[in-house]
Each structure stands twice: as structure tokens, then as C-alpha cells.
1. B:Tyr90 versus A:Asn72, label points 7 Å from Cα toward the beta carbon: distance in nm?
2. What are the ³J(HN,Hα) values, in whole Hz, obtained from phi via the Karplus relation 6.51 cos²θ - 1.76 cosθ + 1.60 with θ = phi - 60°, for each residue of the range B:23-30 in sequence order, with x given for Gly and Pro?
3. With the cut-off at 1.5 for a/c, could you classify the range A:1-128 from its C-alpha gyration tensor as rounded, prolate or oblate?
4. Under a 5 Å amide H to amide H cut-off, with H placed in plane at 1.01 Å, what residues pair with A:Val220 once short-range neighbours are removed?
5. Using 21 Å as the Cα-Cα cut-off, could you pick out the over-long pairs in A:Lys99/A:Lys119; A:Lys108/B:Lys117; A:Lys143/A:Lys235?
6. Please compute the modelled spin-label separation between A:Lys179 and A:Lys235, points set 7 Å along Cα→Cβ, answer in nm with one decimal.
7. What are the residues whose amide H is under 5 Å from the amide H of A:Val17, where those residues sit 5 or more places off or on another chain and H is modelled from the backbone?
8. If you wrap chain A's Cα atoms in a convex hull and average its projection over all directions, what's the area in nm²?
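We did not get these values from a lab; they are worked out from the coordinates using the rules stated. Predicted model only: the values in this text are computed from it and were never measured. Using ideal geometry, Cβ is built from the backbone for each residue, glycine included, and neighbour counts are taken over all protein chains shown.
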Amino acid sequence: MITKRIIPCLDIRNGRVVKGVNFEGIQDVEDPVVLAKHYNDSGADELVFYDITASFEGRGLFADVLKDVASNIFIPLTVGGNINSLDDFDRVLKSGADKVSVNTGAIKNPLLIRDAAQKYGDQCVVLSMDVKRVDGRFMIFAKGGRENTGIDAVEWAKKCTSYGAGEIVVNSINTDGVKNGFDIEMLQAICDVVSVPVIASGGAGSMEHFKTLFNTVPGVDAGLAASIFHFGEIKINDLKKYLISQNIEMRI
Amino acid sequence: MTAIINYGVGNLFSLTGSLKHLGIDAVVTNDADEIRNAERIILPGVGAFADAKQKLLDTGLVPVLNEEVKNGKPLLGICLGMQMLFEKSYEYGEHSGLGYIKGDICPLNEDIPDDMKVPHIGWNKLIVKDKSNPLLRYTNEGDYVYYVHSFYGKNCDDSLVAYSEYYVNVPGVVCYKNVFGTQFHPEKSGEVGLKMLKAFCEVTV
């Protein structure tokens, strides 16, 4: 059967990894290629790169980084950040991305998902959503979690998958950075309404959190995290060995 | 030289990159002479069967492929490229394939329970049926490979080399004489996949 996936996420600004500090055994943790190779060698099942560059020049650097990573690492690569048009899809796919993640771009124009899925296939289009509880409802937030769009997250997930999103990354603003575990309730609510793979993000602080995630919400296919991997608090190969010992299937 | 057939289907960045990484000379081409002169051929593919088949027909290369396969040149189909090697596909209608591998391409969702996800996306374990196949020269039972697909090969027992379990047995590697196919993406399957591409490039028929 298919394994659960462990996915480290790298934020890239001006061609360098952001947050990539204090990593044991690596000389240049800000070099995306070095860090990507390290994760590949430690058993990461996939890599996610978010371009958080604001400038045009920085975007060129990002394309170079992506090409360099994709020429050296042969596991699935998902790329997000600054994806607002089919031209943006084209730009990152030509640089070696396998899947493209849309967030704000889909909020501004939901038909981007439909158009991209028609052009590149559902498997290529990942919906990334930042979700926060407001008065007991799960709401979609924009602008890095600062702005409530008024869109209901469960309805949004349904709509975007009907347009052809082939995977969903659910990032809980409530649990993000708290390191107290994934947002089980929110993930369950999304898994209940979609039939595409769901990737959980936000809240991982220990290996047990991944076990609880996969055991409690069987609909979740993958766990995504950034800083706990970057800071070496959890090593991916140790995490996978632990999960296998807990009877969760992993690729090693 | 390895010829990667260019017919406007799918992203070839990783495939060309992985061959380059292995030190294997490859060219992305739709030129008949280049394909005739190549030592081996790779047929990639992502997307819908009917559309891809039409695009391949439009290149005019099908008679060239038929001739080269008949002459014994090694051919590897990947993902949709593998599906096109089969006789028929039932993806949204009924379409004829190249017919090099006996069998049909059928929808996964009709054969698995409703609560299982389609597409079959992710890493799955290979169960080897024919260890002696040259494509598996460096592959071990239980190695993981990366799949993304909604349709799968059926009625191809004679050509089955390795499969993965997804409620049904999904053919992962098929082979008939000099024609090979992988449903998964070797160019996305880490070291396991790279070794399989290396093995293909060492095949002599």
C-alpha cells in the first residue's frame, strides 16, 4: 500500500533558504541545493519550495535554484509562492517543478485552478490554504494569515477540488509555530469533504505528533514541516523509523 | 545515444536531468532518423490517453516506432508512455494503443473501494514477479517507487514483471521482449528509479 509521506518545506528568499540556521553537519544551511540534498539523503519523500521573494531579480534567482535542485534530486518537487497565472505555472514547471502550489492566486482567481488543471493535469495543481478558526468556523486567510477573506475553508476545499486541484495543503494558523501538535479537528473537517490527498501543515513539535496525525486522521496522506526539520529537532530518518515501529508505513 | 520521444506531452526536465546525472547521452527528439540511429528509445507521457495518442500520431513517428521495436531496439514507456504500449485503453471511451504489450488500460476507481483515493499518488512498494528481468538488475523486492495515475494495466499477466498493491495489483513494471514499461516515474523515484534507468540503458537485445 501507499506510504504516508514526510515533506520538509523550504522558504526561499533571493535564492537562499530562510530559517535555515543551526543545522548540524551542514556547512551552508542557506544553500537550497545543499539543504535539499541533505533532506533527500535523510529520506524526505518530497520537497516543497516556497518562493517568498518580492523582487523580480529574486524570482530569477529562484528559477536558477530550482533548476539546480531539480537537476540533482530526483524525488517530487512542489513549488509555491508568487503563482498567480498560467505563465507562473509555466515558469516553475520549466525550471523543474513537478507540482505547483497556489494559495493567494486561487483566492484572487479560483478559475486559475481549473485552467491549470486542464492544461497540466490535476496531479500538477496543489491548493495551499491558510486556515484559522473564527467564531467556531474554519475560515480562509490571505496575506500570510493577516486577512480574513470571509471564505469558508470546507466550502473552499470542495470548490477547488471540483475545479481540479489534485492535492491540498492545509496549514492551520491556529497551530502553526506552537509545536503542540497538528490541528486534528481542522484536518478531519477537510478530509471529510475531499477525495484528493491532504497534506497537514502547522503544529509539528515531536515525532509523536506525526503518529497522532496519521492514526487519528487516516485521510491525511502527508505531514509537512519546516523549522523542526531545519533546526534538526527532528531528523527525518529517525522520524520514519519511529513511525514504522508504530505500524505506520513509510518509505525507507 | 538514447532518444526521448518529444511529442508535446509532459514535463521532460527530470527525465533528461536524471539521464544526464547518470552520465547517459540522451536527446529529446521527434526526428525519425535520430530515433532510428539511437541505441534505445524512451516514450514518456503525462496526461490523458486519447490526447497523447493523437499527438503521437500527429508526429508521424508511430511507423518508425513499430519498425524499431520489430528490429529489437529497447523501448521504455513511462507512466502514460507505458499505457500507450498496451493494446487498448478504456480512459474516457475506448482507444487503441500501440499494441506492443498484451493487455488493457482500465480505470482504477471501478476496481477499488470508494473510500480509496484516485489518483493513486505516492510511494508504493514493488513486489517482484520476474527477478531475472534486465530492468530490475539493480532493484530489490520491497523497493519504493513513486506513482501518479488514475488508470492501470489489466489482463497483462504474461508481461508482468513487478507490481504494487493498491487494493488491486497495479502493474508497476511490464516487459515483452525488447519493450519495457513502468507505470511509476523512475525519474521521480530517487535512487531506486535512477538505478532502473541505468539498467534500461544497459539492456542489450
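1. Label-label distance for B:Tyr90 and A:Asn72, simple model: 4.7 nm.
2. Values, residue by residue: x, 9, 5, 9, 9, 8, 8, 10 Hz.
3. Oblate, because a/c is 1.5 or more while a/b does not exceed b/c.
4. none
5. Beyond 21 Å between Cα atoms: A:Lys108/B:Lys117; A:Lys143/A:Lys235.
6. According to this spin-label approximation, the distance is 1.9 nm.
7. Distant-sequence amide H within range of A:Val17: A:Asp31.
8. 12.4 nm²
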